[in-house]
1. Rounded to the nearest 5, what is the percent of antiparallel bridges among the DSSP beta bridges in the range 195-330?
2. What are the ³J(HN,Hα) values, in whole Hz, obtained from phi via the Karplus relation 6.51 cos²θ - 1.76 cosθ + 1.60 with θ = phi - 60°, for each residue of the range 49-66 in sequence order, with x given for Gly and Pro?
3. Counting only protein chains, not ligands or nucleic acids, how are 161, 217 ordered by accessible area (probe 1.4 Å), most first?
4. Relative contact order for the range 405-552: what is it in percent, counting Cα pairs under 8 Å that are at least 6 residues apart?
5. If you average the alpha carbon positions of the range 160-177 and of the range 184-214, how far apart do those two centres end up, in angstrom?
6. Project the alpha carbons of the range 137-209 onto their principal axes and report the range along each, largest first, in whole Å.
7. Taking amide hydrogens as modeled 1.01 Å from N in the peptide plane, which residues meet the under 5 Å criterion relative to residue 416, leaving out close sequence neighbours?
8. Would you compute, for the Cα atoms of the range 294-449, the largest minus smallest coordinate along each principal axis and list the three values in descending order, in whole Å?
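The values are calculated or read from the model by the stated rules, or taken from the named source; none is laboratory data. Predicted model, so just to flag it, every value in this text is computed and none were measured. Neighbour counts are summed over all protein chains in view; Cβ atoms, including those assigned to glycine, are modelled from backbone coordinates with ideal geometry. Note: areas computed on protein heavy atoms with side chains; ligands, DNA, RNA excluded. Shrake-Rupley method; radii C 1.70, N 1.55, O 1.52, S 1.80 Å.
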Amino acid sequence: MSAPPEVATKTAGELKDLGSPRDSGSVSGSPCFILALDVGTTCVRSFVLDERCVVRGSAVDSVELLNPQPGYFEIEPESLWRKIVNVITLAVKEAKLTPQDITCLTISTQRCTFLTWDHRSGEYYHNFITWKDLRADELVDQWNTSWTKSSMNWFSYALFLLTRQSRFLAGSVLKLMNGQVTPRLLYEIMHNKKLKKALMQKKARVELLDSWILHKLRAGSSGDKDVEHITDVTSSTATGLYDPFTLSWSPLISWLFGINSKILPRVVDNAYKDFGHVHPSALGAQWANTKIPIAASLSDQTAAMWGSQCFRKNDVKVTMGTGAFLNLVTGDRCHAAISGMYPLVAWQLKSRAIYCIEGASHDFGTVVTWAQSCELFENPSDTADIAQSVPDTNDVFFMPAFSGLGPPVNDYRSASGFIGLSPSTTKAHMVRALLESIVFRLVQLIEAAEMETSQKLQMIRVDGGVSRNDFVCQFLADLSQLRVERAENAESSIMGATFMAGINHGIWRDVEDLKCFRKVERIFEPRPKEFDTIANRMDKWSRTIARFSDWY
C-alpha cells in the first residue's frame, strides 16, 4: 500500500527520471527478459522475468555450507560458481528462451561474505567466509573490551559535543561485530600464512561476494586480468570497513586495524554505467554470441527493500529468512544510531544516496531449522497450526540466541534455551514458545527503530520464508499494534533486483511504473483485545533475558 500524497517525501521523487525517457512504463516492440540472480546463505536462485514482471522460468540450488570447525561457516568458491552457472542455464531453459533473448542481467547477493585471492593466477587463500562465521569471536571480545576501543569512543563523543556532527556520535558507540567483515578479515591476515605472504608480495585482494561474481561474469573463463575491481555501495556499507557518512572506505578503520584499503574493491553506486557485459565465455558455450549488459548489482537487503517497494522515508520492511533484518528508510541523511542498530546506505542511484538504519536478529530461520532437526515438528509449514492448537505456551519461554542477542539487548554472550518446562509441557507449547520468541525479538527491533527515529510506525512489510507463517505475522501485528503487510510474491530480493535493473536499463521510467507489480496477499490487522495478554507474556520473556545473559 502506498502512502497518501501529502506524506510522500522526496525520497521517492529522487528516483524519478533515472531510466531512459520513455513515453510509457512498458516496453514496446520486442519483449524484454530480465535475468535475475540471487545468491543467499542457503540457496542460489535464478529467475527470468518479462517486462510485466511475470516469472517465465526459474531454478534453485542449495548452497553447501562447510563447517570445518565449530563456529566456522564457509563456501567453496568454485563449487558455488558451478551452481550459479547451472541455475542461470536452467532458468533460461525453463523459460523456453535462448541466451540471445536475454535483455539484461541483475545480481542480488548476501552481504559480508568474503574471500581473498590472487585474481591473476586464480589462487584462493581460503574459502568464502560467511557472515555467520564466528572464528573471530575471541578477537571481537578482546577489541570491544580494550582500552583503545574505549578511548576511541570517548574521543568520538567529545568531538560530537564540539561539532554536533552525527558521524562522531555514531563513532562513540562503534564496536566490532562478528557479522562484519573487519574482524574475520583481520583474523585471516593474522593466522593465514599464505595470505600473509601474498599481502607482502602485493598479490592478494579482497572480494566481497558481489565483487567476485562481477569479476567472474565479466572476466569469463579466460580470466581477463584487466576487469575493474568493483563492489556496489550496498554490499560495502555493512562490512564495518565502510563509512556511510563519507561514502568511502574508512581511513580510521584501516589505520586502527592495519588493513590496506588498496586491497579492497572500488565502491560504485547501484546505477553504475560501467558494470559492463557478461563475457561470452563466462556461462558456457551457448552464450558465445551474446553481449548481455549487467544492469544492476545490489545487496540482498536493499533488493528486499526495493522488492517491498519501501521507497519513502520511514518505510520499513522486515525480512524473515535465515536471519531477520529490519530496515527503516531514513531518507537522504545518514542517521547516527546509538541503540545497537546501525546506519547504512540503503541504495545510491547516480550521486544521490538514500540511507536506512538496520537491526538484525541472526537466528530467525536457524531456530526453526534447529527445532525441526530436534523433531519438534516434521515440516515448518505445520508450525502455525501447531502453535494455534494451544491457547498459550503454558508459561514456557524460549531464548533465540544461538548467535547472541542483537539490538537493543546487545549481549553477544547470551545463551539459547527453554525455561519454564514442566511435566505438563507438550511439543505444541514448545513450538509456540519458539515462534513467540522470534516475534518478541522483532518487536524489540521495531521499538528500537521507533526510538532511534522518534517516529511511530504505522505498517511494516514482511518478506522471506518465515513471513509465510500466519501465526508469526498475526502475533507480530497483535504485539506491535502495527499493520503487517505480506505480498503475494515471496521473492522480494528477486523482485527488487529486477526493479532496479529495469529502471537502470530503461525498461521502466521510475518507481511509479513499479507500483502495479506489487500485489498484497494479506494484511494482518492488530487485534487490540489480544494486546494486554501477549504484552504481559513479552514482559515476562524480557525478564528471562537476564537468566541467559553473559553465558559464554
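1. 75
2. Calculated HN-Hα couplings, in order: 10, 8, 5, 9, 6, 8, 6, 9, x, 7, 8, 9, 9, 7, 8, 7, 8, 8 Hz.
3. Of 161, 217, the descending order of accessible area is 161, 217.
4. Reported as a whole number, the value is 31 percent.
5. The range 160-177 and the range 184-214 have Cα centres separated by 29 Å.
6. Projected onto the principal axes, the Cα atoms of the range 137-209 cover 45, 23, 23 Å.
7. Close amide H contacts, sequence-distant or interchain: 401.
8. In descending order, the Cα extents are 62, 33, 25 Å.
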